[in-house]
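What follows is a single structure, written as structure tokens, with notes after it.
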Amino acid sequence: MKNIVVFSGSSHPHLTELICNQLGLVPGKCNLSKFSNQETNVELFESVRGKDIFIVQSGCGHVNDNLIELLIMVSACKITSAKRIVCVIPSFPYSRLPNSPYTKNGKTISRIPESEKSKLENLTKTVEPSESKQKKNVSITNLGEIPASNDHSGQYKHWTCRAGNLVAKMIVEAGADNIMTMDLHDPQFQGFFDIPVDNLSSQTLMTKYIKMNIPDYQQAVITSPDAGGAKRATALAESLKMAVALVHKDRGFHNDEMTLVGDVKDKVCILIDDIIDTSSTITKAAQLLVDNGAKKIYALITHAILSGDAVQRINDSVIDELIVSNSVPQDEHVKQCKKIKVFDIAPVFAETIRRIHNGESVSSQYRVSDIYME
Amino acid sequence: MDAPSNSIKIFAGNAHMGLAKLIARRLNLDLAKAAVLKYTNNETSVTIGESVRDEDVYIIQPGCGDINDNLMELLIMIHACKTASARRITAVIPCFFYARQDKKDKSRAPISAKLIANMLTVAGANHVITMDLHASQIQGFFNIPVDNLYAEPSTLKYIRECIPDYKEGKVVIVSPDAGGAKRATSIADRLDLEFALIHKERKKANFVSRMVLVGDVKGKTAVLVDDMADTCGTLGKAAQTLVENGATKVYAIVTHGILSGKACEVINNSALTQVVVTNTIPHEDKKKLCPKIATIDVSPTLAEAIRRTHNGESVSYLFHNVPA
């Protein structure tokens, strides 16, 4: 292929290699490092003038470092007259954010690590300026009394900023012309961008995996671990003509109870989700399925971030097999957990890159993608 | 000033809580409630704890430490205040992010400082307050107002009050490189002191090979003046050159003490008598490793700039004076 350069960010060079192998290309030469003051340094050694540039960077590991690195790479290509810059972001950062640091029953959410919990005190406690101060008369302005935290009448509802829209605007502002990603947590996320977003689906890959690797899959039950993923699970079940079950969190009541909808007795269950992060939801759901008589639990998930104690939790759980994609590097996870199996998404991305470069339809790929996989 | 629609909120990220508290104390305010933390998956999370609707919001976050994390904290905080209908959002960035990556000095080199300017704007900042930009032209990267404050008045005050030989007039102001000559001559003129220049031949970034002194420092106290000290390779070698040329003592006064890598070790082993940095960047831990480091507090200047900006007064007074 002519006039195309595929650069790899530092988050997932192995995936870039796999994609480039499929395309018969060599990844573009570049040096990505950090100066001694922690600023990101980007040097591109390949001419980009008038070419299609694809930059592969997944949202994982040090998310912020990787994001800023991506922005700097895009910007460097933009100011040196690249024809088109496509950001290939298999796992999109900041795409799934809670809107409060607390669950409805008042606990801190599982993705806040112990070491950071003390910072939440700043929300209820006044942050005093250093040393004692005499508040005579406020020189600048009348601040008005801030209501005490136990005064519910005037309490401000704490809310966490959802940065997805900001990240989208930043990537566009840096100079990207097109975004390629997979299984966005919210399909509406595409609307945050003012540029085309190709949201690829892992459904064909998952279907194929189930058909080839799960014996008697027709008798198994596709299960969604929460109500939000019901649509994803039913779509997959429909294409495979399988039964569906749903685990649903009763967050309205003041407990952590989960309820199962559907029958799983003596059945094999396949949990389907888009992201597995701290893995607390899915391991609880799996436990509930076993309690209801399921005989084997598979979990099939696109983006395996597996942060915090996730791997340990999976090891301790009743999940028999966790099948995840390589949208995020999995070598470390696989070493620590024998239950993890990985399926390769590089063929789908490679084919989409080829089609975008040649100006062919991407949507027709969903039907024929089986052809391009071994 | 009684109208509630015209009140002020000061937020601080995690980069330099100490400076934010000093500024807040100076303004007689509490810091606004917010929790800025990192999830297990390393994504930054900002939770705002009080209403900012129709408020004048200032967010204090210098570019230091884990630069990219601190940058994302700042951007998400700006975005959070923007989506919560703040009237005006001012990013107070005492030490600007990526300030040295400000030109395309080789093929396909990124102009990251320009990128940061765009990111701040797109996040929703209406105004930026910063200090001693590496190149003042960076102001032109923005389409929003940028107040570039100077640490010079504080530096002058320090030289007058704390450099021992100043009263005898036996002090020479020295610029450690040609690029800083303008900054150093300005200080020398204002104090009516001699001026010297060190010219260096640089082969690659963070690495200096040979130095040449232009001017006379024999029997005098040399004061090296610069905008930032990173690995301190330049300062160490400059001090050596000055001592070899007969300077009795060598001080260094630097606005942004990044002091990364082996900086503390370099300073300890160098001919420098003292390295004076401002508190645009936290360096309490570095002080423990290196007793030669002294601090100038610039929080009065930053606090006064915030006060004046909020009240719609001129800021230019601060270019030449230290607020009392």
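The values are calculated or read from the model by the stated rules, or taken from the named source; none is laboratory data. For clarity, every value in this text was computed on a predicted model and none was experimentally measured. Note that each Cβ is placed from the backbone with ideal geometry, even for glycine, and that neighbours are counted across all protein chains shown. Protein only, heavy atoms only, side chains kept; ligands, DNA and RNA dropped before computing areas. Shrake-Rupley method; radii C 1.70, N 1.55, O 1.52, S 1.80 Å.
For chain B, the share of accessible area belonging to carbon and sulfur comes to 48 percent (1.4 Å probe, ligands and nucleic acids excluded). Seen from B:LEU259, the other residues with C-beta closer than 9 Å to its C-beta sum to a net charge of 0, counting Lys and Arg as +1 and Asp and Glu as -1. Where both bridge residues fall in chain A, DSSP classifies roughly 20% of the beta bridges as antiparallel.
For the range B:95-133, a reduction of at least 20 Å² in accessible area between the chain on its own and the assembled protein chains (probe 1.4 Å) is found at B:TYR98, B:ARG100, B:GLN101, B:LYS104, B:LYS106, B:ARG108, B:PRO110, B:ILE111, B:LEU115, B:ASN118, B:MET119, B:VAL122. On a per residue basis, the protein assembly as shown carries 41 Å² of accessible surface, using protein heavy atoms and a 1.4 Å probe.
Paramagnetic label reach from B:LEU289 (point 7 Å along Cα→Cβ; backbone nitrogen cut-off under 16 Å): within the range B:235-264, residues B:236, B:257-264.
Take the Cβ atoms of B:ASP297 and A:ASP309, set R0 to 56 Å, and the FRET efficiency comes out at 0.85. Share of antiparallel DSSP beta bridges in chain B, in percent to the nearest 5? Bridges in chain B that DSSP calls antiparallel: roughly 20 percent. From its DSSP helices (H runs of at least four residues, each -39,500 (n - 2.57)), chain A gives a residue-normalised ellipticity at 222 nm of -8000 deg cm²/dmol.
Centroid-to-centroid, using Cα positions, the range A:250-311 and the range B:12-90 are 36 Å apart.
The dipole here belongs to chain A: it is taken about the Cα centre, uses +1 on the Cβ of Lys and Arg and -1 on the Cβ of Asp and Glu, and is about 320 debye. What is the calculated FRET efficiency for B:ARG88 to A:ASP266, with r their C-beta to C-beta distance and R₀ = 56 Å, to the nearest 0.05? About 0.30, to the nearest 0.05.
Rolling a 1.4 angstrom probe over chain A with all protein chains present gives an accessible area of which 48% lies on carbon and sulfur atoms. Of the residues B:LYS292, A:LYS104, the one with the largest accessible area comes first in the ranking A:LYS104, B:LYS292, computed with a 1.4 Å probe on protein heavy atoms. Extension gain, A:GLU46 to A:VAL342: 0.36 nm times the residue separation minus the Cα-Cα distance gives 103.3 nm. Interface area, chains B and A: about 6600 Å² of buried accessible surface, summed, with a 1.4 Å probe and ligands, DNA and RNA left out.
Projecting the Cα atoms of B:GLY215, B:ALA305, B:HIS256 onto the dipole axis of the range B:202-317, where Lys and Arg carry +1 and Asp and Glu carry -1 at the beta carbon, places B:GLY215 farthest toward the positive end. Inter-part distance, the range B:231-274 to the range B:128-169, computed on C-alpha centroids, equals 20 Å.
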